[in-house]
Amino acid sequence: MIFIADYGAGNLHSVQKAFEYLGIKAVVSSDPLKLRGCRKVLLPGVGAFGQAILSLNASGFTEAVLEHVDKGGHLLGICLGMQLLLSESEEMGSNKGIDLVPGKVVRFRSETDKIPQIGWNSVDLKKESVLFRGIADQTFFYFVHSYYCQPENPEHIAATTWFADKNFCSAIEKNGIFAVQFHPEKSSEAGLQVLKNFAGC
């Protein structure tokens with residue numbers, strides 16, 4: 001079963017419906033105590049980093065997620081949920097993240113491309129990743145974001161995407177910690193395959 005953390009900043013039910021479509025049981029809960037015993041946890045997120053990390057900390061989910069990962073459980077961050085896994089973000093001032101993946105979240109800056117990035121873009125695979133099993137290199141996924149992740153360790157980068165003159169990190173894989181900047185639940189068959197791969201790994 002997949003545990004979907006409801007900390008007040010997520011596109012929860014579309015993700016849950018995507019898992020149900022795949023025949024995979026997924027539960028949405030705002031109670032971090034119910035996370036215990038679940039092998040797989042999903043951290044969604046839509047909105048601003050500063051408000052989201054405050055909500056995550058206040059709800060008890062930060063501590064629960066750290067404990068889950070420490071015990072060897074798998075974690076998937078989606079969109080803002082990916083960004084929250086890093087050390088810090090420059091959105092809405094300087095904010096500390098969960099710090100599971102050392103690095104920083106920064107804003108796109110471009111005089112030619114319209115920000116935020118909204119729409120389909122291709123993903124370039126950088127290593128053999130569990131999340132992208134059965135998915136071709138340069139497959140398109142659906143993005144909506146103004147900020148992107150800069151992990152300190154290149155080995156944590158599972159995929160990159162080109163936008164606003166940046167080849168930014170669009171997926172992370174690190175010892176059972178997974179994250180994608182795009183929305184798999186809005187990315188057709190390829191997105192469903194990403195969710196299926198996470199559930200099956």
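The values are calculated or read from the model by the stated rules, or taken from the named source; none is laboratory data. On a predicted model such as this, the values are computed, not experimentally measured, just so you know. Backbone-built Cβ (ideal geometry, glycine too); neighbour counts: all protein chains shown. We work out accessible area using only protein heavy atoms, side chains counted, and drop any ligands, DNA or RNA first. Shrake-Rupley method; radii C 1.70, N 1.55, O 1.52, S 1.80 Å.
Estimate the FRET efficiency between Q150 and K25 by the formula 1/(1 + (r/R0)^6), using the beta-carbon distance for r and 41 Å for R0, to the nearest 0.05. Write down the numbers at each step before the final one.
Working: r = 35 Å, r/R0 = 0.85.
Efficiency for this residue pair is about 0.70.
As a test of understanding, state the convex hull volume per residue of segment 87-160 from its alpha carbons, in Å³. Don't skip to the end; give the middle numbers.
On the way: hull volume 8.2 nm³, N = 74.
Expressed per residue, the convex hull around the Cα atoms of segment 87-160 is 111 Å³.
The coefficient of translational diffusion for segment 115-201, derived via Stokes-Einstein from the alpha carbon Kirkwood radius under 10 °C and 1.306 mPa s, stands at 123 µm²/s. When the accessible area of segment 41-123 is split by element with a 1.4 Å probe, what percent falls to carbon and sulfur? Result for segment 41-123: 49 percent of the exposed heavy-atom area is carbon or sulfur.
Taking the Cα centre of the chain as reference, the dipole from Cβ charges on Lys and Arg (+1) and Asp and Glu (-1) amounts to some 420 debye.
Positive-end ranking of V65, G23, M1 along the dipole of segment 1-90, with charges on Cβ about the Cα centre, is headed by G23. Counting only DSSP beta bridges with both residues in the chain, the antiparallel share comes to about 60 percent.
Leaving out ligands and nucleic acids, and using a 1.4 Å probe, what accessible area per residue does the chain come to in Å²?
Values: 9090 Å² over 201 residues.
Value returned for the chain: 45 Å² of accessible area per residue.
Note on A58/R133: beta-carbon distance plugged into 1/(1 + (r/R0)^6) with R0 of 35 Å gives a FRET efficiency of 0.45. Cross-linked pairs K127/K196; K96/K196; K104/K174: Cα-Cα separations exceed 26 Å for K96/K196. Of the listed values (i) 23, 20, 15; (ii) 25, 24, 16; (iii) 25, 19, 17, grab the one calculated as semi-axes √(5λ) of the Cα gyration tensor in Å from the structure here. Here the calculated entry is (i). Taking GluC sites (Glu not before Pro) in DSSP loop states with no more than 15 other Cβ atoms inside 10 Å as exposed sites, the chain has its longest site-free stretch at 1-89.
Rounded to the nearest Hz, the phi-derived 3J(HN,Hα) couplings of segment 156-169 under the Karplus curve 6.51 cos²θ - 1.76 cosθ + 1.60 (θ = phi - 60°) are 7, 7, 8, 7, 10, 9, 9, 7, 6, 6, 10, 9, 8, 6, where x marks glycine and proline. Inter-part distance, segment 83-125 to segment 153-201, computed on C-alpha centroids, equals 13 Å. Taking every Cα-Cα distance in segment 1-92 and sorting them into 5 Å bins starting at zero, the pair-distance distribution P(r) comes out as 3, 15, 27, 27, 18, 8, 2, 0 percent.
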